[in-house]
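Here's the structure we're looking at; comments come further down.
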Amino acid sequence: MLSPDSFRTARLIRTINLVLQAVLFLSLFSGLNYLARNHAWRFDLTAHRRYSLSPETKSYLQNLQRPVRIVVTLTENDDNADVAQAYRDLRGLLREYSYATEGNPNGRINVEFIDVYQQRREADQLGIDQPNIVLLICGEQRQQVSLGELYGVREREKTDFRGEQAITAAILSVSNPTRKKIYFLTGHGELRPDDVDPARGLSALNDELRLRNFAVEYLQLSTARTVPEDADLVIAAAPQGRYDAFEQEQLRDYLNKRQGRLILLLAAGVPHGLDDLLYDWGVLADDVVIYDTDPGSFADNGDLIIRNFQPHPITQTLLDYKIPLRLGLCRSVRPDPGRAAGSGLEVTVLAATSTTAWGEASYRQRRLPEYNRGVDLKGLPGLPPANRLGVVTVSERVQVRNNLPFSVRSGRLVVIGTDDLVTNHRIASPGNQNLFLNAVNWTIDRETQLNIPTRPIERFQLSLSQAELIKLRYSLILALPIAAALLGLFVYWSRRN
């Protein structure tokens, strides 16, 4: 029997204690690794969310249905400094793509880095014969992203990193070869996506749509018998003349019978000929020009500032980040107060003026705008938003089928009371771009909040004189070792005493 006071007992107890400490340490280590692997929390504290994917990219990756393989032929040790920097930028970005698809068994993204010179066999199998590219492969679909697509350049100097935009667009392209098709109406002086004019062109919008994997086509209703069957969305961008009865009937048939999607940008003071169609959908586009006396509602150059939004997938980004709209001349676009109840229409004003704004009916007269009761238009107190004039209104037809307790979405219409919301000189405004692109995605049922910002390139430059360099050199050579030695002597003296 062991005596509690014997050396043997003390040794055994000490051994058991050490074994238990080791077991507890291993248990703690294993538990922490389990939690880190299965319940990880990741935080990006950088100013521009440099190490995080945008909500738009994440929404696409969560719904990805086919695996995508990304092969990068850039190398870290390249003699070209730009290539080496692009490698470092892409390595961190693509790691986030792989991490974001770990929980998606059907749409995993696998990333590989190869050197086309040292790994010649793998490069030949993939059909790669040049370095410094990113190749995306999904089944039989292949697409290359070049080094020039990864950065924005101004005056031969990189301004921002656009890798996420380029990679996400390529993933959409290879994983979904059948792209959504948008038709822009022509024949009445509408704004065109191929026009680079700052005030009347939509070329910047065209780039944004193509970047999001939309196919852009043109449609002239006067020569077409009907809206094409492959039209996912039709846009009438600021017509300068009236659509005739036949053309209006084509659009009504597209919206009502084919559950179509239509976005109208209606210029103030320009007749459009779509009043009957708008009446069917419970919307009034008033022939007025909006003015406001509130100093906070207009900019120095006369732009109308809109800050009042209703919660909706189209406006959620603007509400979250408190982003206003900057518009030129606007007309009022509002729900028809006389529309029939129970018509299955949901009409909502998404963006509205301040309560001091009014719609000037006599805008064609050359005089100072002034509100005249009974002549000009004011917001109605009983119609939301109360006492405000709408500038963006959506209408959606909801149908109840077979008395089921749920509704089936049908046609969708977005009416915007200005012609320059997304022209080339306006689309740079974050609010304008977000609202229109979200409207495009809402109309075609891609209702996630979509926004991929560029990542600015931060540059730091340290300028030191010769004397400052000498001081820095001696500080590194002498000061730090001396400080470490003094700290060691202090610890030694403390332990001895």
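Tabulated data for the structure shown
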{"read-out": "Dimensionless Rg over Rh [region 261-309; C-alpha; Kirkwood]", "value": "1.05"}
{"read-out": "Cut-off under 5 Å, modelled amide H: who pairs with Lys180 long-range", "value": "Ala215"}
{"read-out": "Counting DSSP beta bridges with both ends in region 180-443, the antiparallel % (nearest 5)", "value": "60 percent"}
{"read-out": "With eigenvalues of the C-alpha gyration tensor scaled by 5 and rooted, region 180-443, Å", "value": "27, 23, 19"}
{"read-out": "Degrees, to the nearest 10: 163-175 long Cα axis against longest axis of the chain", "value": "70 degrees"}
{"read-out": "Relative contact order %, region 55-173, counting alpha carbon pairs below 8 Å whose residues are six or more apart", "value": "28 percent"}
{"read-out": "Reference-scaled alpha-carbon Rg (2.2 N^0.38 Å with N residues) for the chain", "value": "1.35"}
{"read-out": "Globularity ratio of region 55-173, using Cα Rg and 2.2 N^0.38 Å", "value": "1.06"}
{"read-out": "Base-10 log of normalised Debye intensity for region 121-273 (one unit scatterer per alpha-carbon) at q = 0.14, 0.17, 0.20 Å⁻¹", "value": "-0.83, -1.03, -1.22"}
{"read-out": "Whole-Å semi-axes of region 211-336's equivalent ellipsoid (Cα gyration tensor)", "value": "29, 19, 14"}
{"read-out": "Sequence-separation-based contact order of the chain, relative, with Cα cut under 8 Å and 6+ spacing, percent", "value": "13 percent"}
{"read-out": "Rounded to 5, the percent of DSSP beta bridges in the chain classed as antiparallel", "value": "65 percent"}
{"read-out": "Between 0 and 90°, nearest 10: helix 81-100 axis offset from the chain longest Cα axis", "value": "80 degrees"}
{"read-out": "Nearest-ten-degree value, helix 430-443 long axis tilted from longest Cα axis of the chain", "value": "80 degrees"}
{"read-out": "Shape box of region 135-199 [Cα atoms, principal axes, largest first, Å]", "value": "42, 37, 13"}
{"read-out": "Mean-position separation - Cα centroids, region 246-324 and region 168-241, in angstrom", "value": "18 Å"}
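All of the numbers you see were taken from the coordinates with simple rules; none came from a lab. In this text the structure is predicted, and so the values were computed from the model without any measurement.
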